1. Of everything in region 263-287 that's within 22 Å of M217 (Cβ to Cβ) and among the small types (G, A, S), which residue is most open to solvent (accessible area, probe 1.4 Å)?
2. So, in region 14-35, of the ones that are farther than 14 Å from P100 by Cα and open to solvent by less than 50 Å² (accessible area, probe 1.4 Å), which residue ends up modelled with the lowest pLDDT?
3. Taking region 66-119, which residues are part of a strand (DSSP E or B), over 23 Å from the mean Cα position of the chain (by Cα) and of a type in the set (A, V, I, L, M)?
4. Look through G262, G278 and report the one residue that is under 25 Å from G326 (Cα atoms) and part of a loop (DSSP other than H, G, I, E, B).
5. Regarding region 238-251, can at least one residue be identified that is touching a residue at least 40 places away in the same chain (Cβ under 8 Å), open to solvent by 70 Å² or more (accessible area, probe 1.4 Å) and touching a Lys or Arg at 6+ places or on another chain (Cβ under 7 Å)?
6. Quick check on my filter: what residues within region 199-245 are over 28 Å from G328 (Cβ atoms), modelled with pLDDT of 85 or more, part of a loop (DSSP other than H, G, I, E, B) and in contact with a Gly (Cβ under 7 Å, 6 or more places away or on another chain)?
7. For region 294-344, which residues satisfy the criterion of being over 19 Å from E234 (Cα atoms), charged (D, E, K, R) and buried (at least 16 other Cβ atoms within 10 Å of the Cβ)?
8. Among the residues of region 53-68, what is the count of those that are open to solvent by 60 Å² or more (accessible area, probe 1.4 Å) and touching a strand residue (DSSP E or B) at 6+ places or on another chain (Cβ under 8 Å)?
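The values are calculated or read from the model by the stated rules, or taken from the named source; none is laboratory data. All of these numbers come straight from a predicted model, not from anything done at the bench. Backbone-built Cβ (ideal geometry, glycine too); neighbour counts: all protein chains shown. Heads up: the accessible areas ignore ligands, DNA and RNA and are worked out on the full protein's heavy atoms, side chains in. Shrake-Rupley method; radii C 1.70, N 1.55, O 1.52, S 1.80 Å.
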Amino acid sequence: MFSSPPALLTLPSGTRTVFVQADGDSLIDVVEVGPQGAAVRLNLGGLLFGAPSIFEAADPVVRPEAAFDVDGDGYRDILAKAPGSDWMWAAGNSQGSFLPFVSLDGIDTGGSILGADLDGDGLVDVMTQGTVNLTSPPMAYLRQQNGAYAAPEVLYENLALRASVPGLQDLDGDGDVDLILDASGVLILREGNATQDAGGPPVFACFNVAENSTGCMGSLRAFGTPSTTSTDLELFASALPSGQFGMFIGSSSITQSMRPAGSAGFLCLGGSIGRYDGPGQIGSTGPSGTLRLSLDPTALETSQGQVPAVAGSRWGFQAWHRDVDGQGIPTSNFTGAVVISFMP
């Protein structure tokens with residue numbers, strides 16, 4: 001599949017590298033960090049690289065981990081970290097070089113880092129991934145208009161998912177970023193709507209999802225217009241065991257997931273949780289293993305009764321269903337959650 005070409009570059013011992021388009025010519029350049037300091041070697045084409053252009057004379061003692069446009073100026077920046085230290089970044093510029101490394105707003109979690117617009121506001125946000133020993137959960141840091149980052153939000157607590165390698169891509173082509181994990185196959189853990197999420201926290205709402213008796217994780221998606229007067233909103237749960245009783249629940253409080261007593265699944269909602277158990281709302285998953293609910297934003301369920309959605313409010317929803325475990329013992333489970341940010 002691959003040939004065995006001669007070495008492209010001979011670098012000093014202890015050098016760490018990351019590859020990036022530094023000068024905008026579409027060729028991949030090399031940034032090297034080590035005892036000789038930090039430098040960039042521009043790709044000249046034909047597998048030839050220029051001499052190192054030093055942008056930091058002393059060894060910054062960090063390992064470059066990623067390259068993305070932190071500050072939105074159109075140039076890739078270098079993200080690097082040393083154990084126990086803050087994340088550092090070296091800003092790229094129009095000359096195909098970089099400024100010296102500085103702290104990335106004091107962010108110090110995780111051992112790897114990704115950048116993407118998580119909340120649809122046009123700014124590049126940051127996701128850090130846990131360390132090898134999994135002591136640090138994946139965190140989202142939303143970049144603000146003033147350039148600072150908001151307080152971090154834990155994306156998911158599930159230890160099995162922490163061990164996976166994450167990706168941030170618009171996998172389903174709907175205009176927003178999906179969180180992809182390879183814990184057991186490829187899992188799309190966010191299938192949001194960019195118009196719903198604009199300006200709000202990232203909608204990685206509670207994706208600690210336990211496998212049900214089908215061997216799959218129950219999925220929940222929302223369709224329609226996320227307005228307070230919408231008549232076309234629908235919740236659709238799939239990958240559920242067939243022929244099981246189920247219903248939807250909702251709340252304006254989205255919390256860290258917990259496993260309720262007697263359930264195999266994770267509850268992601270808190271506060272005043274409402275149950276959609278009225279006439280025509282509860283039913284069987286049928287032979288297809290699915291549930292549907294037409295959602296009326298003027299009558300959202302809470303434990304205290306129905307309330308209308310307010311513009312700017314965020315509501316989370318899940319599907320609960322009966323199931324049996326591997327020994328045939330009755331239990332219950334939950335799908336993942338979906339969050340709707342209501343517009344006027």
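1. S284
2. G14
3. A90, V102
4. Step by step, each of G262, G278 is checked, and only G262 is under 25 Å from G326 (Cα atoms) and part of a loop (DSSP other than H, G, I, E, B).
5. There is at least one residue in region 238-251 that is touching a residue at least 40 places away in the same chain (Cβ under 8 Å), open to solvent by 70 Å² or more (accessible area, probe 1.4 Å) and touching a Lys or Arg at 6+ places or on another chain (Cβ under 7 Å).
6. S230, D232, L233
7. Scanning region 294-344 gives R322, D323.
8. The qualifying residues number 5.
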